[in-house]
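Engineer: Sharing a structure below in structure tokens format, with a few things to ask.
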Amino acid sequence: MELTTKIKKYLYWTVSIVSCFVIVLSIYYSLGGFDEISVVKSGNNIYNIAGKDYQGRIKNDSLNMIFLEMRDLVLNKRINGELCVINYRDADLTNGEAHQFIGILLGDEISEIPSGIKVRAFRSEITFKVGLGMHPLVMPSAEKIEKKISQYAKENGFELQNYSMEILYPDNSIMVEMFAK
């Protein structure tokens, strides 16, 4: 049985599309796209964060400048710690606005804090954490992770405070944490 030209075209396109699909899936897998996201309950957490407040439009140069300033303080080792962002979920924020405290989660060693930077303490008897180690291209958004944590906390009888914390590590991994009331 000889294949007609029309059948050869369909066969060629089918094999090509399936091959591309397999390649995309393998890349997604190798970047960590199928890694499980699990919520972990933790207790007695006290965090000291040195940083700056921001409230306003998400796409604003001053928000970016604060983030870059804090990142440079960590990279240049002027302050010992990890870059982090506290995301407040204020009811009065409109679409496209954010209220954040961008700073450095202070490490065990004492660092000299430059002027203009506030130090805040965040405490909670119980927190819920999700560690994300996959590549940023396939990493779920912080909003999706916060929903997963909120659902887990609600299922276990906990109410959460109105903010979350993202710790941004140098290897591009992220820890998202929410605090119980």
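The values are calculated or read from the model by the stated rules, or taken from the named source; none is laboratory data. What you see is a predicted model; the values in this text were computed from it and never measured. So basically every Cβ, Gly included, is an ideal-geometry build from the backbone, and we count neighbours across all protein chains shown.
Engineer: Cβ-Cβ distance below 6 Å, separation of 6 or more or different chains: which pairs start in region 89-101 with a residue that is farther than 19 Å from residue 62 by Cβ and end on one that is assigned to a loop (DSSP other than H, G, I, E, B)?
Structural biologist: From region 89-101, no pairs qualify.
Engineer: Those residues that are surrounded by 13 or more Cβ atoms within 10 Å (Cβ to Cβ) and β-branched (Val, Ile, Thr), I need them from region 86-124; list them, please.
Structural biologist: Listed by number, the residues that qualify are 86, 102, 104, 113, 117.
Engineer: If you check every pair at least six apart or on different chains, which have Cβ atoms under 8 Å apart with a residue in region 12-37 that is in a helix (DSSP H, G or I) first and a residue that is surrounded by 10 or more Cβ atoms within 10 Å (Cβ to Cβ) second?
Structural biologist: If the second residue must be surrounded by 10 or more Cβ atoms within 10 Å (Cβ to Cβ), the pairs left are 28/34; 28/138.
Engineer: Turning to a different aspect of this structure: Residues 19, 30, 38, 26: which one is among the small types (Gly, Ala, Ser), in contact with a Gly (Cβ under 9 Å, 6 or more places away or on another chain) and over 30 Å from residue 114 (Cα atoms)?
Structural biologist: 38 is the lone residue from the list that is among the small types (Gly, Ala, Ser), in contact with a Gly (Cβ under 9 Å, 6 or more places away or on another chain) and over 30 Å from residue 114 (Cα atoms).
Engineer: Could you tell me how many of the residues in region 127-169 are in contact (Cβ under 8 Å) with a residue 24 or more places away in the chain and within 26 Å of residue 73 (Cα to Cα)?
Structural biologist: Total satisfying the criteria: 18.
Engineer: Shifting gears a bit: Looking at (1) in the same structural domain as residue 173 (by TED's automatic domain parsing); (2) surrounded by fewer than 13 Cβ atoms within 10 Å (Cβ to Cβ), which is the only condition residue 20 fails?
Structural biologist: Tallying (1) in the same structural domain as residue 173 (by TED's automatic domain parsing); (2) surrounded by fewer than 13 Cβ atoms within 10 Å (Cβ to Cβ), residue 20 fails exactly one: (1).
Engineer: Still on this structure, I have one more. Looking at residue 53, is it exposed (fewer than 13 other Cβ atoms within 10 Å of the Cβ), assigned by TED's automatic domain parsing to the domain that holds residue 149 and of a type in the set (Asp, Glu)?
Structural biologist: no
Engineer: For the condition in contact with a strand residue (DSSP E or B) (Cβ under 8 Å, 6 or more places away or on another chain) and under 21 Å from residue 143 (Cβ atoms), what is the one hit in 40, 74?
Structural biologist: Among 40, 74, only 40 is in contact with a strand residue (DSSP E or B) (Cβ under 8 Å, 6 or more places away or on another chain) and under 21 Å from residue 143 (Cβ atoms).
Engineer: Looking at the structure I just gave you, is residue 174 modelled with pLDDT of 90 or more, of a type in the set (Val, Ile, Thr) and in contact with a Pro (Cβ under 9 Å, 6 or more places away or on another chain)?
Structural biologist: yes
Engineer: Please state which one of 46, 58 is out of contact with any His (no Cβ under 9 Å at 6 or more places or on another chain), in contact (Cβ under 8 Å) with a residue 12 or more places away in the chain and within 24 Å of residue 125 (Cβ to Cβ).
Structural biologist: None of the others qualify; the one that does is 46.
Engineer: Quick one: which residue in 63, 73, 25, 83 is within 30 Å of residue 133 (Cβ to Cβ), at pLDDT 85 or above, in contact with a helix residue (DSSP H, G or I) (Cβ under 7 Å, 6 or more places away or on another chain) and surrounded by 10 or more Cβ atoms within 10 Å (Cβ to Cβ)?
Structural biologist: Result of the check over 63, 73, 25, 83: 83.
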